[in-house]
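Colleague: Before I ask anything, here is the structure I am working with.
Every number in this text was worked out from the coordinates using simple rules, so none of it is lab data. Everything quoted here is computed from the prediction, not taken from an experiment. When we count neighbours, we look across all protein chains shown, and the Cβ atoms used for this are built from the backbone with ideal geometry, even at glycine.
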Amino acid sequence: MQFVGFEVKTLVREYTFRVREPLVDPREFTLTITNQAFNDHRVRYQDAPDVCSAKLRRELATYANHPPGTHYRITDADLDDYRSAHAPRKGRMGFGRKPLGNH
């Protein structure tokens, strides 16, 4: 799977991917995210290709690399799934507190 690029449209950003398989012509898939999702901070611009890639990988896996459609809309549920899968882990920080004492 190769990310080809994106196009800004009136209501959405459209992300294009190309899927190549041996002995089969490459297929193009488009996935859209509403501009409102970006405005509402539900997704960051730099994360959008990864969000779309994850959705397309799921579709390809579900349909043995031959999903019925070539256009998919990223839903709020898709964004929630991505956010929870990439949320910072709770627990210790990478750096501990400074030791007490004279320095």
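Colleague: Any idea what Rg and Dmax come out to for the chain if you just take the C-alpha atoms, in Å?
Modeller: Rg, Dmax (Cα atoms, Å): 18.8, 70.
Colleague: Also, quick follow-up: Relative to the longest principal Cα axis of the chain, at what angle does helix 76-85 sit, 0 to 90 degrees, rounded to 10?
Modeller: Its long axis makes an angle of about 40 degrees.
Colleague: Okay, next question. Based on DSSP loop calls and a cut-off of at most 16 other Cβ atoms within 10 Å, the longest stretch of the chain free of exposed chymotrypsin sites (Phe, Trp or Tyr not before Pro) is what?
Modeller: 1-62
Colleague: Another question, then. Within region 1-85, report the trypsin sites (Lys or Arg not before Pro) that DSSP leaves as loop and that have at most 12 other Cβ atoms within 10 Å.
Modeller: Those that pass, being in a loop and sparsely packed, are 9, 44.
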